[in-house]
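The values are calculated or read from the model by the stated rules, or taken from the named source; none is laboratory data. Bear in mind the structure is a predicted one, so any value in this text is a computation, not a measurement. Cβ placement follows ideal geometry from the backbone for every residue including glycine, while neighbour counts extend to all protein chains displayed.
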Amino acid sequence: MYSPQVLDHFEHPRNAGVLDAPDASAQIQNPACGDVLQLTIKVAGERIEEIRFRARGCVASMACASALTELVRGKPIGEARALKREELLSKVGGLPAESMHASHLAMDALRVALDQLPK
């Protein structure tokens, strides 16, 4: 059902936790399924220096959150803002149709967190 990449991110999540004194944070909930994702971000200059996530939800939500942190960590803020959902889906090896909500949750949380930073 899930790709090897999804299972790897679920079983060995990257960048899990919460940052102290983040420059931006967001907590998003999917009301339909109850999944919750929190992102905290620290910025140095114009780059995402550190990003952490805390999630409560399904396998796909945990995996998408983990993969998202890998995709944007160390990147310029503008590049993180330009990240496409398709890039996240590619990073996790795709998702079944019934799990696509997880990629939307991760991308929405990233957008909300980045919107707290100066443009």
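Observations, loosely collected:
- Residue within the stretch 50-73 that is over 17 Å from Ala109 (Cβ atoms) and outside any helix (DSSP H, G or I) present: no
- When residues in the stretch 87-119 are screened for being touching a strand residue (DSSP E or B) at 6+ places or on another chain (Cβ under 7 Å) and under 20 Å from Asp8 (Cβ atoms), 2 of them pass.
- Cβ-Cβ under 8 Å pairs, at least 6 apart or on other chains, the stretch 1-18 side within 21 Å of Glu50 (Cα to Cα), far side among the basic types (Lys, Arg) and modelled with pLDDT of 95 or more: Asn15/Arg52; Asn15/Arg73; Ala16/Arg52; Ala16/Arg54; Gly17/Arg52; Gly17/Arg54; Val18/Arg52; Val18/Arg54
- Among the residues of the stretch 65-102, those that are of a type in the set (Ser, Thr, Tyr) and touching a residue at least 40 places away in the same chain (Cβ under 8 Å) comprise Ser66, Thr69, Ser99.
- Qualifying residue in the stretch 23-45 (condition: under 18 Å from Ser3 (Cα atoms) and either under 10 Å from the mean Cα position of the chain (by Cα) or surrounded by fewer than 16 Cβ atoms within 10 Å (Cβ to Cβ) (or both)): no
- Evaluation of Ala109 against the conditions (1) of a type in the set (A, V, I, L, M); (2) in contact with a helix residue (DSSP H, G or I) (Cβ under 6 Å, 6 or more places away or on another chain); (3) modelled with pLDDT of 95 or more shows that the sole unmet condition is (2).
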